[in-house]
1. Using the basic label-point model (7 angstrom from Cα toward the beta carbon), what is the residue 73 to residue 61 distance in nanometres?
2. Antiparallel DSSP bridges in region 134-270: what percent, to the nearest 5?
3. Give or take rounding to whole Å, what are the principal axis extents of the alpha carbon atoms in region 193-245, in descending order?
4. Let me check against my output: what whole-number percent is the relative contact order of region 140-255, with C-alpha pairs under 8 Å and at least 6 apart?
5. For a paramagnetic label modelled at 7 Å from the Cα of residue 154 toward its Cβ, which residues of region 22-55 fall within the zone defined by backbone nitrogen distances under 20 Å?
6. Hey, of (1) -0.29, -0.66, -1.37; (2) -0.17, -0.49, -1.31; (3) -0.26, -0.67, -1.18, which did the structure itself give for log10 I(q)/I(0) by the Debye sum over Cα atoms at q = 0.06, 0.10, 0.16 Å⁻¹ when calculated?
7. What per residue convex hull volume, in Å³, comes out for region 3-131 when only alpha-carbon positions are used?
8. Measure nothing fancy, just the Cα-based angle from helix 83-94's long axis to the longest principal axis of the chain, in degrees from 0 to 90, nearest 10.
């Protein structure tokens, strides 16, 4: 490898108290002194995740950091042969700070093509992070939290792990009353474009439910709010089989997130001991 690249991921974290962030860019400093960066040009993915955030706040923060990175790009170009000052400037750039824009701990990678490596890092950490089921389910959880708040139900729930010291499963919305777990709600994303991935994700949750049942830690009512795949015979066949397996457990229900908000709220209320 001709070059060693130090890199860091730029994260947008508007609400530090929640610890939630999205990756929006990558910066790279190569061993030959070259500095490059790439930032997300759109706002839709960020504002979909932080639904209550004024998009102007994100755009302003992104533009400010872009201006800083452009200035630094000129600095690094002028001092390309001065490795010491370049490394110091890079460390200062990514140093932890209490702002909405924060950099990850640095990583290193060998390469023969610096710009190609930047593109690959961006694809992996920024584009791919928005495509994962984990990201999509975090979005679904936020949307459900907003719906519960509008329905005046959110105060009844809290995030909790069900199980024992040996085995536990996280549910984002759990309703406990009189020391009994009455309801657990979990959004699941099955929008993958591969039937094998739908099976893998579904089987993982079937296994979790099977284990919770074996140790007698299932909620009295468990509601999965699922995002179905796009139309396609193989995708829908896998999805329907997974749904059938989940509904095979007593007290487990599945509803599509494509149902109306009123229908989803009605399904939630149907599993509660009482609504006053």
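1. About 2.2 nm, to one decimal.
2. Details: 10 of 22 bridges.
Looking only at bridges with both residues in region 134-270, the antiparallel portion is about 45 percent.
3. Per principal axis, max minus min of the Cα coordinates gives 37, 18, 14 Å.
4. Values: 173 pairs, mean separation 27.1, N = 116.
Over region 140-255, the number comes to 23 percent.
5. What the label zone holds, given the 20 Å backbone N cut-off, is 22, 46-55.
6. Calculated log10 I(q)/I(0) by the Debye sum over Cα atoms at q = 0.06, 0.10, 0.16 Å⁻¹: the matching label is (3).
7. Details: hull volume 12.5 nm³, N = 129.
Cα convex hull per residue, to the nearest whole number: 97 Å³.
8. 30 degrees
Rule-based calculations on the coordinates, nothing more; no lab input. A quick note: this is a predicted structure, and the numbers were derived from the prediction, not measured. Every residue, glycine as well, gets a Cβ built from its backbone with ideal geometry; the counts of neighbours run over all protein chains shown.
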